[in-house]
There are 2 protein chains.
Amino acid sequence: MAESTRPMRRQDIRRENEKAILLAAEKVFAEAGFGGATMQLIADLAGLPKANLHYYFATKEELYRSVVQNIFEIWLQAANCFDAARGPIDGISAYIDAKMEISRRHPDGSKVWASEVMHGAPVLQDYMESTLREWTDGRVEIIRRWIEEGKMDPVDPRHLLYMLWATTQHYADFGHQIETLNGGKALSDRQWREAKENIKRVILTGIGALPA
Amino acid sequence: MAESTRPMRRQDIRRENEKAILLAAEKVFAEAGFGGATMQLIADLAGLPKANLHYYFATKEELYRSVVQNIFEIWLQAANCFDAARGPIDGISAYIDAKMEISRRHPDGSKVWASEVMHGAPVLQDYMESTLREWTDGRVEIIRRWIEEGKMDPVDPRHLLYMLWATTQHYADFGHQIETLNGGKALSDRQWREAKENIKRVILTGIGALPA
DNA sequence: CTGAAAGCTGACCATACGGTCAGGATGCAA
DNA sequence: TTGCATCCTGACCGTATGGTCAGCTTTCAG
């Protein structure tokens with residue numbers, strides 16, 4: 001039990017408990033959805049009494065909001081890949097890699113995000129109308145420039161972005177289906193690499209950025 | 001009220017009520033998830049007393065199961081497009097069209113399906129391990145043959161299928177996000193057509209079935 | 001016409017859930 | 001050491017939900 005439970009500093013206590021709660025919440029929300037998740041389940045998974053959750057997060061909604069915002073941050077970070085790039089090959093490759101890595105490392109977060117959007121984004125509507133829209137518009141502009149410069153075919157930038165989101169996110173959200181079709185086993189390192197390579201090749205070739 | 005409520009035949013009553021319930025359930029399950037959906041909400045939307053739902057569907061689980069199986073049927077029908085085709089251009093085009101049409105006409109069903117899979121397919125696991133697996137294996141074989149016949153590049157058939165599923169399903173599951181980024185308006189006929197064309201062009205070009 | 005089967009429903013119940021709170025334990029600054 | 005702020009939690013509460021049921025109405029075969 002109290003093997004290495006030397007006295008913790010207040011700061012640490014707070015940080016660690018919040019972290020444990022958020023991690024547990026992410027998993028439970030991903031597996032059961034907002035409505036199906038219970039504070040008790042989250043508490044058990046976090047190894048804390050239920051009342052303690054309410055000490056850190058007043059309501060279920062507030063906890064959920066924190067989880068969703070967390071994943072949105074991660075999501076946005078991957079977005080930077082686009083900016084540093086000099087052309088579609090760099091940019092889109094890096095973006096696909098980054099988003100696939102998120103799908104692999106944060107499948108629960110991805111599912112929560114998907115769930116949130118599917119249910120009409122009750123929490124994230126504001127972000128979608130501001131941050132996300134701005135980000136998208138910016139990337140559309142970049143892609144448009146690449147097209148003008150003859151670096152790729154004239155593909156509708158928005159639909160291209162949707163395709164990138166869809167394809168990469170799919171490996172998290174539908175991971176269970178993919179796993180089932182993979183003989184019940186999670187994708188291996190090699191299979192993940194192949195997935196990435198396939199996606200990159202098809203899309204980059206498809207938009208005329210790579211020679212056919 | 002009772003304007004055209006001439007006596008109904010028993011059969012009709014049963015069929016119509018079940019239909020109304022399933023339709024309402026599909027919508028509520030899509031919007032709230034299984035856990036967030038309530039029988040009361042479904043009953044209200046179907047215009048029936050709650051107790052009446054339980055007359056037709058004993059439990060919430062049973063109702064949910066029916067909804068999920070319904071959408072799976074529709075999903076499988078689109079699958080036939082693949083078989084009649086003589087090559088990737090026909091087959092994949094038709095499949096994309098069919099799946100996009102499902103995303104457009106049955107967004108709620110698509111969301112329920114996505115939700116089901118995201119939560120580990122508690123209801124559909126059997127189908128996934130039998131019907132879906134067989135279907136997938138069959139299509140993989142077809143694609144493999146197309147590759148052998150030189151009708152397309154050697155792309156991993158499974159990842160190609162995932163890409164098709166992901167890209168088309170995205171327009172239903174993330175419809176709210178797309179709508180928000182589209183200025184809060186649903187995609188027009190024309191935009192749907194453009195979406196389809198873009199997807200088809202990028203993928204068919206990407207796999208080397210169309211000249212770059 | 002009649003009786004039985006099918007369809008319907010308001011009222012009810014047990015449970016589970018989100019949330020509260022009083023009061024105890026613990027760290028930490030002075 | 002002391003006092004206080006933070007941290008913790010068992011016990012509790014009101015409500016909403018899935019589900020039941022007794023008894024009503026409607027259809028329809030014979």
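The values are calculated or read from the model by the stated rules, or taken from the named source; none is laboratory data. Bear in mind the structure is a predicted one, so any value in this text is a computation, not a measurement. Cβ placement follows ideal geometry from the backbone for every residue including glycine, while neighbour counts extend to all protein chains displayed. Areas reflect the complete protein model, heavy atoms only, side chains present, ligands, DNA and RNA absent. Shrake-Rupley method; radii C 1.70, N 1.55, O 1.52, S 1.80 Å.
Residue B:13 passes every criterion in (1) near DNA strand C (Cβ under 10 Å from one of its atoms); (2) open to solvent by less than 60 Å² (accessible area, probe 1.4 Å) apart from (2). Residues in the stretch A:164-212 that are part of a helix (DSSP H, G or I) and either under 19 Å from the mean Cα position of the chain (by Cα) or more than 30 Å from residue A:150 (Cβ to Cβ) (or both): 27 in all.
For the stretch A:16-55, taking the residues that are of a type in the set (D, E, K, R) and within 13 Å of DNA strand C (Cβ to nearest atom), the one that is farthest from residue B:30 (Cα to Cα) is identified as A:16.
Taking the stretch B:108-148 as the range and being in contact (Cβ under 8 Å) with a residue 12 or more places away in the chain, part of a loop (DSSP other than H, G, I, E, B) and open to solvent by 40 Å² or more (accessible area, probe 1.4 Å) as the test, only B:119 passes. So is residue B:13 among the aliphatic types (A, V, I, L, M), away from DNA strand D (no atom under 12 Å from the Cβ) and over 19 Å from residue A:35 (Cβ atoms) or not? No. Contact map, the stretch A:151-179: residues that are on the phi < 0 side of the Ramachandran plot paired with residues that are surrounded by fewer than 24 Cβ atoms within 10 Å (Cβ to Cβ) and basic (Lys, Arg), Cβ distance under 7 Å, separation 6+ or inter-chain. Pairs shown: A:157/A:144; A:161/A:139; A:179/A:185.
Residue B:91 passes every criterion in (1) away from every other protein chain (no Cβ under 13 Å); (2) surrounded by fewer than 20 Cβ atoms within 10 Å (Cβ to Cβ); (3) more than 16 Å from DNA strand C (Cβ to nearest atom) apart from (2).
If you go through the stretch A:161-174 and keep only what is farther than 17 Å from residue B:180 by Cβ, more than 7 Å from chain B (Cβ to nearest Cβ) and of a type in the set (A, V, I, L, M, F, W, C), you end up with A:164, A:172.
If the condition is being open to solvent by less than 50 Å² (accessible area, probe 1.4 Å) and more than 16 Å from DNA strand C (Cβ to nearest atom), then the stretch B:56-65 contributes only B:64. Would you mind stating whether residue A:91 is within 15 Å of DNA strand D (Cβ to nearest atom) and not aliphatic (A, V, I, L, M)? In short, no. Can you name the residue in the stretch B:16-40 that is within 14 Å of chain A (Cβ to nearest Cβ) and away from DNA strand D (no atom under 12 Å from the Cβ) and is also least open to solvent (accessible area, probe 1.4 Å) among such residues? That would be B:30. In the stretch B:34-48, the residues that are over 15 Å from residue B:65 (Cα atoms) reach residues that are in a helix (DSSP H, G or I) and open to solvent by less than 60 Å² (accessible area, probe 1.4 Å) with C-beta atoms within less than 6 angstrom, at least six apart or across chains, in these pairs: B:36/A:35; B:41/B:28; B:43/B:53; B:45/B:24; B:46/B:20; B:46/B:21; B:46/B:24.
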